Amino acid sequence: MDPYLLLILGLYILKEAFEYVVRYLNLRCMKKAGLAVPPEFEGKMDEGLMKRTRDYETEKTRFSFISSISGNVVTFFFIFGGLLNLYNSWIGSLNLSFIVSGWLFFLLLSYAGEIVSVPFSLYSTFRIENRYGFNTMTIHLWISDFVKSLLISTVMLSIVAPAGLWLIQSSPHHWWLWVWGFLLIFGIFVMYISPYVIEPLFNKFTPVSDESLRDRIIELTEKAGIHARKILRVDASKRSRHTNAYFTGIGKTKRIVLYDTLLEGMEQNEIISVLAHEIGHWKKRHLLKTMAVLEVFSLAALYLCYRLVQGDYLTRLFHISEATLFAKLVLLAFVGGILSIALTPLMNALSRRHEREADRTSYELTGDAQGMAGAFVKLSKENLSNLYPHPLYVAMYYSHPPILERIRYIREMAGGGQTGL
């Protein structure tokens, strides 16, 4: 084996091994803490619920090991075992045009990925989530969601791939810039239409019906100086009992969405605190800031791709018979996935910073540390969240600060005056 190819394989194995070690450390950290209920949760959780949380996290982690190893085996045979070469040659043998060949190449590849993921998704949903009382989805709904997602991804890919390939064909020396601009505009367009076109395909969205809660929401948004066009309730309970809230859309389509499970399981003060947190993201323009960072990285990545696909070194290194652009892009994506291990913790650190800023804004708007802490406790309990994650696991995978850290941060803002939940 070529020494450079051996180096890439070695880096890939090291990356995966590192991630397995981090997951193992997270499990060990949780088990080391045992069933001790932290002071912030005293009177709200008992050892039975702590054990259930530990078992849920353990089972999810063990299953992630199995699914990850299976994925790595498929990746190894595809990249290093000659399957990519066979697939690339077969596409070439069809004698289609450059754009059609590329569209078919990536479309069938995406279908293969979806098919491979099916048994893992089914087991996670109907075995693990069922066992812990979260899953409310029927097999009929699962199939419906799968088909809809597949159709949407087909439409998206059938727009992006031909357009991108046409730009590459039309501007061989500057396509990286044009493709970046197109993807930026298309991404904004999808964010704009998603609340009206895509999301309603899966869920029903209705205005919050509680009049007193609506009045408090209006008062909160006016205080924040934000004109929230819609505060909606989503019927998330038809799929899962997990609880959450989020904001979606951009410009005139932006809206805050509250899970029906959240509205039913929390008191008004807690709901207002969660809502104020989402408003905090708006006020601090976190979506815009995150997009700006991602677009800088995307532009740099596309330019690097442009430079690296000029020659045939990659395809020769991986023993690809026909040096097609499509095969080169797959290989670059594989190598980029290895290197992304350095980028992931940076992006998650930025996200955690945004979440802390949104928590601060929530407190500034409501002045209710107890309501915020109470909401976090209920979110943690209802989602069986790990209260004792390993710091390295947090750095690698957490987009939000650990729940205990968030509660303590809230109390610090309140001057330590509120100790009860």
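Every number here is computed from the coordinates shown, using simple stated rules; none is lab data. Predicted, not measured: the structure shown is a model, and the values here were computed from it. Note that we place each Cβ from the backbone using ideal geometry, even for glycine, and neighbour counts take in every protein chain shown.
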**Fill in**
Karplus-derived 3J(HN,Hα) from phi for the range 100-112 (6.51 cos²θ - 1.76 cosθ + 1.60, θ = phi - 60°), whole Hz, x at Gly and Pro, runs 5, 4, x, 4, 5, 4, 7, 5, 5, 5, 5, 4, 4
**Item:** Unit charges at the beta carbon, dipole of the chain: most positive-side option, 344, 275, 362
**Value:** 344
**Request:** Starting from the coordinates of the alpha-carbon atoms of the range 273-421, obtain the Kirkwood hydrodynamic radius over all distinct pairs and give the value in Å to one decimal.
**Result:** 18.3 Å
**Message:** Out of all Cα-Cα pairs in the range 1-125, roughly what percent, to the nearest whole number, are more than 19 Å apart?
**Reply:** 67 percent
**Complete:** Expressed to one decimal in nm², the mean projection of the alpha carbon convex hull of the range 340-421 is 5.5 nm²
**Request:** For n ≥ 4 DSSP H runs only, could you compute -39500 (n - 2.57) per run for the chain, divide by its residues and tell me the 222 nm figure to the nearest 500?
**Result:** -23500 deg cm²/dmol
**Prompt:** Compactness ratio of the range 177-279: Cα Rg over 2.2 N^0.38 Å, N = residue count?
**Reply:** 1.19
**Prompt:** So which lysines pass the test for residue 238, namely a Cα distance under 23 Å, with those fewer than 8 places away in the same chain ruled out?
**Reply:** 60, 148, 204, 230, 378, 381
**Prompt:** In the range 334-364, which residues have a backbone nitrogen under 20 Å from the label point lying 7 Å from residue 288's Cα in the Cα-to-Cβ direction?
**Reply:** 350-362
**Complete:** Simple spin-label estimate for residue 100/residue 86, 7 Å along Cα→Cβ, in nm, reads 2.6 nm
**Request:** Would you mind calculating the relative contact order of the range 1-148 from Cα pairs under 8 angstrom and at least 6 residues apart, reporting the percent as a whole number?
**Result:** 16 percent
**Request:** Measure of size requested: the Rg and Dmax of the range 83-145, with Cα atoms as the atom set and Å as the unit; please supply both.
**Result:** 17.6, 52
**Kirkwood-based shape ratio for the chain, expressed as Rg/Rh from alpha carbons** = 0.98
**Request:** Counting only DSSP beta bridges with both residues in the chain, tell me the antiparallel percent, nearest 5.
**Result:** 60 percent
**Message:** Give me 362, 121 sorted ascending by neighbouring Cβ count inside 10 Å, so fewest comes first.
**Reply:** 121, 362
**Prompt:** So what J values fall out for the range 239-256 if you push phi through Karplus, 6.51 cos²θ - 1.76 cosθ + 1.60 with θ = phi - 60°, rounded to Hz, Gly and Pro as x?
**Reply:** 10, 7, 8, 4, 10, 6, 8, 7, 10, 9, x, 8, x, 6, 9, 5, 7, 9
**Complete:** Answer check: the range 223-292, Cα atoms, Kirkwood Rh, Rg/Rh ratio of 0.98
**Prompt:** Using a Gaussian network for the chain with springs between C-alpha atoms less than 10 Å apart, which of these wobbles most: 366, 138, 261?
**Reply:** 138
**Item:** Net dipole in debye of the chain [+1 Lys, Arg Cβ; -1 Asp, Glu Cβ; about Cα centre; nearest 20]
**Value:** 200 debye
**Message:** If you average 1/r across every pair of different Cα atoms in the range 298-365 and take the reciprocal, what Kirkwood value do you get, in Å?
**Reply:** 14.6 Å
**Prompt:** Computed over the Cα atoms of the range 238-340, what is the ratio Rg over Rh, Rh following Kirkwood?
**Reply:** 1.24
**Item:** Prolate/oblate/rounded label for the range 23-91 (Cα gyration tensor, a/c 1.5)
**Value:** prolate
**Request:** Using only the Cα atoms of the range 96-198, build the gyration tensor, take square roots of its eigenvalues as a ≥ b ≥ c, and label the shape rounded, prolate or oblate: rounded if a/c is under 1.5, else prolate if a/b is larger than b/c, else oblate.
**Result:** prolate
**Prompt:** Of 166, 200, 115, whose Cα points farthest to the positive end of the dipole of the range 52-202 (charges on the beta-carbon: +1 Lys, Arg; -1 Asp, Glu; origin at the Cα centre)?
**Reply:** 115
**Item:** Only Lys, Arg (+1) and Asp, Glu (-1) charged, at Cβ; the range 214-338 dipole about Cα centre in debye
**Value:** 300 debye
**Complete:** Checking the range 240-321 for trypsin sites (Lys or Arg not before Pro) in a loop per DSSP with at most 12 other beta-carbon atoms within 10 Å yields 285
**Message:** Need the C-alpha centroid separation for the range 226-267 versus the range 23-54, integer Å.
**Reply:** 29 Å
